[in-house]
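The numbers here are math on the coordinates, done by the rules we state, and not lab data. These numbers come from a predicted model, not from an experiment. Note that we place each Cβ from the backbone using ideal geometry, even for glycine, and neighbour counts take in every protein chain shown.
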Amino acid sequence: MKNQVQLITYVDRLGGRLDGQDLQRLRALLAPGGALAGLFGGVHLLPFFHAIDGADAGFDPIDHTQVDPRLGDWADVKALSETVEVMGDVIVNHMSSASPQFLDYSARGDDSPYAGLFLTLDAVFPQGASERDLMTVYRPRPGLPLQPVTLKNGQKKILWTTFTPTQIDIAIDHPQGRAYLDSILQTFAAQGIAMVRLDAVGYAIKKAGSSCFMMAETFEFIDEFAARAKALGIEVLVEIHAYYRRQIEIAARVDWVYDFALPPLVLHAFVFATAAPLKAWIAERPSNALTVLDTHDGIGIIDIGADSADRVGQPGLVPPAELDALVERIHANSGGSSRQATGAAASNLDLYQVNCTFYEALGRDDTRYLLSRAVQFFLPGVPQVYYVGLLAGHNDMTLLARSGVGRDINRHYYDEAEIAAELQRPVVAELLKLIRLRSTHPAFNGSFERLDSAPSVLQLRWRLQDGGHEAQLSVDFATLAHELRFSDAAASDGWQCLRWVY
């Protein structure tokens, strides 16, 4: 993966028209002459498969190997990959109940060639499941991960459905499951996709008597899948929201993980005017991380909290009372709008996230927002910027009201006129400068160092000895005093500075 900032976006929500040319428009935005030219080394295309408008915004594919024709086709994806590196999602845990495979299974039941592809309660608990067995299963959402159904042929089944009733879990250790996932990998490799994100992989393995989340068998599956991907020239990113020490363990076994602890820790630093928890995390965080402040999901809370699955009690990166206060501050900063999109207030909810744009979580404070991005870009790893965050987006209460889905508050549909207008905002213009610096300055290919500083101050430095390149960042979370300096041979004294005061 290129050591440059990456963009995360839905194809249809960044200037899309759903006329079959949206992939071409995205390429034009990123290509030379486009409004975002030269900023990004890669783009993570959120689900662009048939169909993008199911129960979970494309994360419930009917056909994972077909581009939704309203966006374009595989030739468009391949053309985009010639402009920037492309990442796609492999949704390993489930597929849509409207998929051809499930429709055949529903029509023919156990006689279908796809009968082994879909996970049933009996397949996991052949001897039956007790109440204790079911309550041991780790859940990201309320209720049991099970859906009683009557197939069209009259057979009654209890299907495993981790997320929604129309997202049917796959038996990934069955030959049909393996063949299905291999077909996706082979299609991606043929179309120039350089990297895949394993969506919901933590839930992919189910085992009687276990939590069915991030077990030893899950790691074995990730290792095996990553080897198959690597053989096709594809890198693998594992997406897991979990206790921070578990994330460190996962990072040691995979190509890339997300630094999901970073967003809440940056918010915590501003709220409590201290860099101490952030410094502690920097000291032990994995370097093979994609740094994010925002994604298509909410702001993770579990990632810095105590280990809820540990019986002896493993503390988090911040105390429970401060974590609770942080959530309340996010709600206050957003004027209460995030509260309407989080937890029991919204359907399709995740219990471990606050649904809010990062800009709103900071109370629309431009200085704090740019300082947050500077911290993100200065940490080891490869930064990703979500399209709403790129435009310092507000909470979309209209979309939330229309869909009732909490995460839609951070999934705005921008038309081309909106994009042009948002790019003129000072905070966005400054963010583009910062992205360009991170993507092009040679110092970020050198060595990283965190310097000693006062408890409220974070000081970070990158140095590339060859050529004498250097970049330094200092942020005082108590006073907002800050400085970003970087070497520039064209400057009179060899240095340039960026500062933001609004």
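Check which residues have an amide H placed less than 5 Å from Trp495's amide H, if you skip close sequence neighbours.
Answer set, sorted by chain and number: Asp488.
How long are the semi-axes of the ellipsoid equivalent to the stretch 405-502, from square roots of 5 times the Cα gyration tensor eigenvalues, in whole Å, largest first? Could the numbers behind the result be given before it?
Working: eigenvalues 179, 72, 41 Å².
After scaling each eigenvalue by five and taking roots: 30, 19, 14 Å.
What is the angle, in °, between the Cα long axis of helix 262-272 and the longest principal axis of the Cα atoms in the chain? Nearest 10 is fine, range 0 to 90.
50 degrees
Could you tell me which label, among [x] 47, 23, 20; [y] 38, 26, 22; [z] 33, 26, 23, carries the value of semi-axes √(5λ) of the Cα gyration tensor in Å calculated for this structure?
Given [x] 47, 23, 20; [y] 38, 26, 22; [z] 33, 26, 23, the calculated one carries the label [y].
Quick check: the distance between the Cα centres of the stretch 244-303 and the stretch 400-459, to the nearest angstrom?
The stretch 244-303 and the stretch 400-459 have Cα centres spaced 16 Å from each other.
Using amide H atoms built 1.01 Å from N in the peptide plane, name the residues 5+ places from Ile8, or on other chains, whose amide H lies under 5 Å from its own.
Result for Ile8 returns His44, Val385, Tyr386, Tyr387.
Quick one: angle between helix 216-231 and the longest Cα principal axis of the chain, in degrees between 0 and 90, rounded to 10, please.
70 degrees
Starting at the first residue of the stretch 77-88, write each ³J(HN,Hα) from the Karplus equation 6.51 cos²θ - 1.76 cosθ + 1.60 with θ = phi - 60°, in whole Hz, x for Gly and Pro.
With the stated coefficients, the stretch 77-88 comes to 5, 5, 5, 4, 5, 7, 9, 9, 5, 10, 10, x Hz.
Give me a comma-separated list of calculated 3J(HN,Hα) values for the stretch 22-34, in order, Karplus coefficients 6.51, -1.76, 1.60 applied at θ = phi - 60°, integers in Hz, x for any Gly or Pro.
Values per residue, Gly and Pro as x: 5, 5, 5, 5, 4, 4, 5, 4, 8, 6, x, x, x Hz.
Take the Cα radius of gyration of the stretch 1-79 and divide it by 2.2 N^0.38 Å, with N its residue count; two decimals is plenty.
1.09
Add -39500 (n - 2.57) for each DSSP H run of 4 or more in the chain, then divide by its residues: what number comes out at 222 nm, to the nearest 500 deg cm²/dmol?
-9500 deg cm²/dmol
Can you give the net charge of the other residues whose Cβ lies under 14 Å from the Cβ of Leu379, counting K and R as +1 and D and E as -1?
+3
With the alpha-carbon atoms as the only input, what is the per residue convex hull volume for the stretch 416-463 in Å³?
Convex hull of Cα atoms, per residue: 97 Å³.
Using the Karplus curve 6.51 cos²θ - 1.76 cosθ + 1.60 with θ = phi - 60°, what ³J(HN,Hα) values do you get for each residue of the stretch 181-189, in whole Hz, with x for Gly and Pro?
Values, residue by residue: 5, 5, 5, 5, 4, 5, 5, 4, 4 Hz.
P(r) for the stretch 345-415, please, calculated from all Cα pair distances in 10 Å bins and given in %.
Final binned percentages: 19, 44, 30, 7.
Count the net charge of all other residues whose Cβ sits under 13 Å from the Cβ of Pro277, scoring Lys and Arg as +1 and Asp and Glu as -1. Don't skip to the end; give the middle numbers.
Details: positive: Lys279, Arg285; negative: Glu284, Asp303, Glu322.
Value of the local net charge: -1.
List the residues whose amide H sits under 5 Å from the amide H of Phe49, counting only those 5 or more places along or on another chain, with H placed 1.01 Å from N in the peptide plane.
Asp68
What fraction of the Cα pairs in the stretch 447-498, stated in percent, has a spacing above 18 angstrom?
On the way: 489 of 1326 pairs.
Of the Cα pairs, 37 percent sit more than 18 Å apart.
Within a Cβ distance under 14 Å of Asp111, other residues only, what is the Lys/Arg minus Asp/Glu net charge?
Working: positive: Arg108, Lys152, Lys157; negative: Asp104, Asp110.
Charge balance in the 14 Å sphere: +1.
Of all DSSP beta bridges in the chain, what percent run antiparallel (nearest 5)?
55 percent
Could you give the spread of the C-alpha atoms of the stretch 100-168 along their three principal axes, from largest to smallest, in whole angstroms?
Between the extreme Cα coordinates on each principal axis of the stretch 100-168 lie 33, 25, 18 Å.
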